[in-house]
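Report on one structure; see the data block that follows.
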Amino acid sequence: MAKKKILVVDDEEDYLTITKLNLEETDNYEVMTLSSSKEVVLRVHSFMPDVILLDMLMPAFGGVEVCEMLNNDFVGAGIPIIIVSALDKNEDKLKAYRVGVVDYISKPAGKDMLIAKIEKALSLKHK
Amino acid sequence: MWNKISVKIIIIVSVILLLSMFLTGAHFIRSERVMLFDDVHAKAVMLNKNIENFLFTLVTLGVLDVENILQDAMKDLNKDDVYEVRIVHAPGLAESFLDKQFKEKYRSLLGSLPQNEIEQKVISGQTIEERIFLNINGKSQPFIRYGSPIRADKSCLFCHDVKVGKPMGAFFSLISLEKAYQIIKKRTTENILLFGLIFLFILVTLYFSLRKIVLRPLIKISDAVKHIIERQDLFRQVQVTSADEIGQLGTVFNKMVTDLKKSRDELQEWAKTLEKKVYDRTKDLAEAKSYTEDIIGSMIDTLVVADSSGKIKMVNSALVQLLDYSPDELIGKPITSLFDEATAKFFNETAIKEITEKLVIRNLEATYKSKSGDKIAISFSVSLMSEIHQGSRDIIIVSKDIREIKHLLEMEKQKTVELKEAYGKLQSLQDALIQAEKFNAIGRLASGVAHEVKNPLGIIKQSAEYLKGKLLPSEKNASEALRMIRDNIDRADNIIRVLLDFSRSSKLEKNPEDLNALLENSLMLIKHIPTLEKIKIIRELGKDLPKVLVDKGKIEQVFINLLINAVHAMPGGGDLFVRTYQLRLDKFNDVMVISGENNFEPGENVVVAEIEDTGVGISQVNLMKIFEPFFTTKDPGSGTGLGLSISKNIMTMHKGSLEIKSQESKGTKVIVTFKITDGGR
């Protein structure tokens, strides 16, 4: 079974690193990390991820804006996006759901939680 | 007439004169009479002597010319006067030897024996003289009878055997007093006439003298007095003609009149001045009276004057207008009839006493009763008049209609109450705001911090998980260390989550909820607490409670907090009471509930949830700080110190209240009160 491609977007380099390590350790995922939200659409086109893990608060573009950009992109529009954020207010969550994210994970989330949510998103994509 | 002084004087003088003349006349007549009687007596003595001599002569000469002798003897006698001469001889002696002629003439002269006791007395030697009345020719006439004894002489011894000096007989002569009486009568008449004339003369003289000397001047003075009195003419003077007492009287009188005139003039002058003064004074008084009346009439405040017995004497127009009476209806009535019952009672029992003691009462509030029965709030002052008038020390009552003031005061009071309430509300609102602001600040801080902390926490968590996968099963200590890292990340995350609740608690999703159900849910959620096994849960849940409009999640959070606290307070077990009931707040209910930083009102219906434990309790010092954020008595790591402050905040947001009553080592009772006025039933 081919590895699923996961794009993780966060402005924290350490977070990107450890998430990549944890996810790739399972051997199920090919992980690309991106610390700049400006490059998301570009990377989506080159990497063609199956799921995107997206932070909410980032320099340049926030999670919601990134979602909106992806929604307007013919590639990005079909990719399930999971928000992984330190923000866990209902309104933040609502904002995210409104722009079409499939799930919302509050930090700090463990490896298991991430994998479960990714799997769930992948299953949605295949339906 | 009898009042006239002249008549009085004349009467007195007449009486004196008459009396003295009568006495003088009587004395004259009496002297005359004695003189006349003495004459008669002398005549009788002479006659007897003559007869005696005759007899002796007769004896001596031997009865020769008896007739002549007797005539001689009788010469000196007024024969007309001698009515009878009689000789009486002692018995046993010779009879008389007078001739017949003699005998006829002097028929009883001779030869008779003593015929009565008087004659017997004379014969025995006594001389008698008596006055008798004899009826002669049918007419009673006065006589003197004189009897003298005839004593024996030596010559008698020749013919008679008698002793010398012894009475041999007696001689009695009866001499008429008719003549003497006539003389006396004549003299008396003459005297009376004379005295009458004298009397008249004296009277007339006296009268005219009096008239001239006394009466006329007196009459002049009297007339002058009369004239002065009748005509008020003080110019009249009496003419003084003499220097005697009456003249002096006239002078004095004239002076007196002059003085009187002067006095009268002065008096008249004074009277004029006085009249003017009286007029001026009356005018002033009238003006003062009118001024005073105007003042009283124009007074805005009411005035009542009552006498010392409390009867109304005077009222002013302000009172009449205020009470709608006419003055006549009030005058004479007891003053208490103006008041309502309470004031009247006060006035009778307290005020009168106070007035008598202090003389004045100031600004007492009372109530007047108008004619129509309306009650009028007044403020009155009572004083006693400083002086007694007509036997009464009057009471003055001045009162002011204070209805408007009272109304204003009432409004002011109400406003003050409202203001106080508003202030209270404002203060509680301010407290709530401060609290809210505090929570907001914490919330903002928390959400800011949360993001910054959560990110590293996420990295740490994933790192720990990664490392765990790399550890060999033999490396147990390292594995334990990784577990501790993970657990503490969760703990930190939990704290951050609670902190974040602050920033979220301002938004409520309220729905009508059943408190009992919420409590049951909350109890369900705490059942995993290990120590709960040792605790007996006693449910005293009210039936048919009205639903309350609350945010279910938040209220469950409150209940869970309280239940966990209760369970933690009873580590060794105990009773946990869970109660709900409906309550109507009144002033006897907990004042804190009503007056605290909430919107409860007395009389409001509320639903109460109580969670009570029999645990360790809370000290008074800790009770004060119990709602402060981050205050906890639990071991470090087992409590955030935010539970109660968040619960309190949630209840405040619900406009409810949360109170804690506790006694150390006895237990704690938490009373959570919910409004139902805006909640559905």
Kindly establish whether B:Ile564 is at pLDDT 90 or above, farther than 20 Å from B:Thr652 by Cβ and either of a type in the set (Lys, Arg) or assigned by TED's automatic domain parsing to the domain that holds B:Thr632 (or both). no
Filter the range B:165-182 for residues that are assigned to a strand (DSSP E or B) and out of contact with any Gly (no Cβ under 6 Å at 6 or more places or on another chain); the one that is nearest to B:Leu47 (Cα to Cα) is B:Ser173
Per the list (1) open to solvent by 90 Å² or more (accessible area, probe 1.4 Å); (2) at pLDDT below 80, residue check on B:His407 breaks on (2)
Just to be sure before I move on: is B:Ser148 of a type in the set (S, T, N, Q), in a strand (DSSP E or B) and loosely packed, with under 14 Cβ neighbours inside 10 Å in the structure I sent? no
Would you confirm, using the coordinates I've provided, whether B:Pro546 is of a type outside the set (Val, Ile, Thr) and within 26 Å of B:Ile626 (Cα to Cα)? no
Residue list for the range B:353-372, restricted to those being surrounded by 13 or more Cβ atoms within 10 Å (Cβ to Cβ) and more than 17 Å from B:Asp401 (Cβ to Cβ): B:Glu354, B:Ile355, B:Leu359, B:Ile361
Need the failing condition index for A:Lys117 against (1) of a type outside the set (Ser, Thr, Tyr); (2) within 14 Å of another protein chain (Cβ to nearest Cβ); (3) touching a Ser or Thr at 6+ places or on another chain (Cβ under 8 Å), just the number. (3)
Could you tell me whether any residue of the range B:170-184 is over 25 Å from B:Glu84 (Cβ atoms) and assigned by TED's automatic domain parsing to the domain that holds B:Thr127? no
Residue in the range B:493-502 that is modelled with the highest pLDDT, counting only those that are within 11 Å of chain A (Cβ to nearest Cβ) and open to solvent by less than 30 Å² (accessible area, probe 1.4 Å): B:Asp493
Give the residue, chosen from B:Asn363, B:Asn348, that is among the polar types (S, T, N, Q), on the phi > 0 side of the Ramachandran plot and modelled with pLDDT under 90. B:Asn363
What residue, of B:Ser337, B:Ser309, is assigned to a helix (DSSP H, G or I), small (Gly, Ala, Ser) and under 25 Å from the mean Cα position of the chain (by Cα)? B:Ser337
Could you pull out the residue among B:Ile183, B:Ile175 that is open to solvent by 40 Å² or more (accessible area, probe 1.4 Å) and not hydroxyl-bearing (Ser, Thr, Tyr)? B:Ile183
Filter result (crowded, with 18+ Cβ neighbours inside 10 Å and at pLDDT 90 or above) within the range B:517-544: B:Leu518, B:Leu519, B:Ile535
Looking only at the range B:133-145, which residues are of a type outside the set (Lys, Arg) and either surrounded by fewer than 14 Cβ atoms within 10 Å (Cβ to Cβ) or within 21 Å of B:Ala42 (Cβ to Cβ) (or both)? B:Phe133, B:Asn135, B:Ile136, B:Asn137, B:Gly138, B:Ser140, B:Gln141, B:Pro142, B:Phe143, B:Ile144
Only one of B:Ile650, B:Ile611, B:Ile671, B:Ile660 is part of a helix (DSSP H, G or I) and either modelled with pLDDT of 90 or more or within 29 Å of B:Glu513 (Cα to Cα) (or both); which? B:Ile650
Take the residues in the range B:454-475 that are at the interface with another protein chain (Cβ under 8 Å from one of its Cβ atoms) and touching a residue at least 12 places away in the same chain (Cβ under 8 Å); name whichever of them is least open to solvent (accessible area, probe 1.4 Å). B:Lys454
For the range B:342-350, state whether one or more residues are closer than 16 Å to B:Ala377 by Cα, touching a residue at least 24 places away in the same chain (Cβ under 8 Å) and touching a strand residue (DSSP E or B) at 6+ places or on another chain (Cβ under 8 Å). yes
Looking only at the range B:1-44, which residues are modelled with pLDDT under 85 and of a type in the set (Lys, Arg)? B:Lys4, B:Lys8, B:Arg33, B:Lys43
Any residue in the range B:562-580 that is farther than 21 Å from B:Lys543 by Cβ and open to solvent by 40 Å² or more (accessible area, probe 1.4 Å) sitting within a Cβ distance under 8 Å of a residue that is assigned to a helix (DSSP H, G or I) and of a type in the set (Val, Ile, Thr)? List the pairs, counting only those 6 or more apart or interchain. B:His568/B:Thr531; B:Pro571/B:Thr531
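The values are calculated or read from the model by the stated rules, or taken from the named source; none is laboratory data. Worth saying up front: this structure is predicted, and the values here are computed from it rather than measured. Ideal geometry is used to build each Cβ from the backbone, glycine not excepted, and the neighbour counts take in all protein chains shown. Side chains are part of the model used for accessible areas, which takes the heavy atoms of the whole protein and leaves out ligands, DNA and RNA. Shrake-Rupley method; radii C 1.70, N 1.55, O 1.52, S 1.80 Å.
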